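Engineer: Below is the structure I would like to discuss, written out as structure tokens.
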Amino acid sequence: LRSATSIKTDLRIAVLTGGLTAWMREGLPVERGAQRRTGVPYRALYANEVSPEEFEALWASRGGDRFAFLDVRRSGHTEEEWVHRIHLEALPQRIGELPRDREFVVFCTIGERSHIAAELLRKNGFKARFLRGRTDH
């Protein structure tokens with residue numbers, strides 16, 4: 001580091017024997033920062049987007065009597081018999097296989113295919129929303 005002229009090397013480093021536990025045992029002051037964030041809060045980017053929490057709740061209920069799931073991934077399909085599985089590329093030819101009495105929740109791996117599929121369904125008279133983001137279902 002000393003040979004790098006653009007890097008400041010004036011560092012003062014101290015190692016506390018016994019670590020923070022020893023510091024606290026001695027009754028020395030400890031400052032705490034803000035609560036640690038555990039994740040990035042979800043914010044919808046599109047009007048017809050399903051939040052991850054809503055998706056999980058619907059998935060747990062198998063969609064109930066109002067929703068159906070459509071998996072548009074090329075590979076890695078879910079094995080649940082109650083999920084419709086049609087690759088995005090085949091959806092225009094197979095759209096007639098889908099029931100029209102339920103709102104579809106479309107999902108894929110990243111969210112691009114599900115967004116396109118949901119728009120295709122909506123343009124063809126279906127109620128459809130999509131999950132943006134990875135799912136392991």
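The values are calculated or read from the model by the stated rules, or taken from the named source; none is laboratory data. Every value quoted in this text rests on a predicted model; they were computed, and no experiment measured them. Methodologically, a virtual Cβ is constructed for each residue, glycine included, from the backbone with ideal geometry; neighbour enumeration extends over all protein chains shown. Just the protein is used for accessible areas: all its heavy atoms, side chains included, with ligands, DNA and RNA removed. Shrake-Rupley method; radii C 1.70, N 1.55, O 1.52, S 1.80 Å.
Engineer: Examine the stretch 87-101 for a residue that is open to solvent by 30 Å² or more (accessible area, probe 1.4 Å), of a type outside the set (Phe, Trp, Tyr), under 21 Å from Arg66 (Cβ atoms) and under 23 Å from the mean Cα position of the chain (by Cα), and state whether such a residue exists.
Structural biologist: No, the stretch 87-101 contains no residue that is open to solvent by 30 Å² or more (accessible area, probe 1.4 Å), of a type outside the set (Phe, Trp, Tyr), under 21 Å from Arg66 (Cβ atoms) and under 23 Å from the mean Cα position of the chain (by Cα).
Engineer: Need pairs with beta-carbon distance below 8 Å; first residue in contact (Cβ under 8 Å) with a residue 12 or more places away in the chain and within the stretch 48-63, second hydroxyl-bearing (Ser, Thr, Tyr) and exposed (fewer than 15 other Cβ atoms within 10 Å of the Cβ); sequence gap 6+ or separate chains.
Structural biologist: Partner pairs satisfying both residue conditions: Pro52/Tyr42.
Engineer: For residues in the stretch 114-133 being assigned to a strand (DSSP E or B) and under 14 Å from the mean Cα position of the chain (by Cα), which is surrounded by the most Cβ atoms within 10 Å (Cβ to Cβ)?
Structural biologist: Quick first cut of the stretch 114-133, residues assigned to a strand (DSSP E or B) only: 128-131.
Checking which are under 14 Å from the mean Cα position of the chain (by Cα) leaves us with 130-131.
Numbers: Phe130: 28, Leu131: 25.
Ranking the candidates gives Phe130 first.
Engineer: Do we find that Glu31 is modelled with pLDDT of 85 or more, open to solvent by 80 Å² or more (accessible area, probe 1.4 Å) and either of a type in the set (D, E, K, R) or not in a loop (DSSP other than H, G, I, E, B) (or both) in this structure? First the steps, then the outcome.
Structural biologist: Working: modelled with pLDDT of 85 or more: no; open to solvent by 80 Å² or more (accessible area, probe 1.4 Å): yes; either of a type in the set (D, E, K, R) or not in a loop (DSSP other than H, G, I, E, B) (or both): yes.
Here the answer is no, as Glu31 does not meet what is asked.
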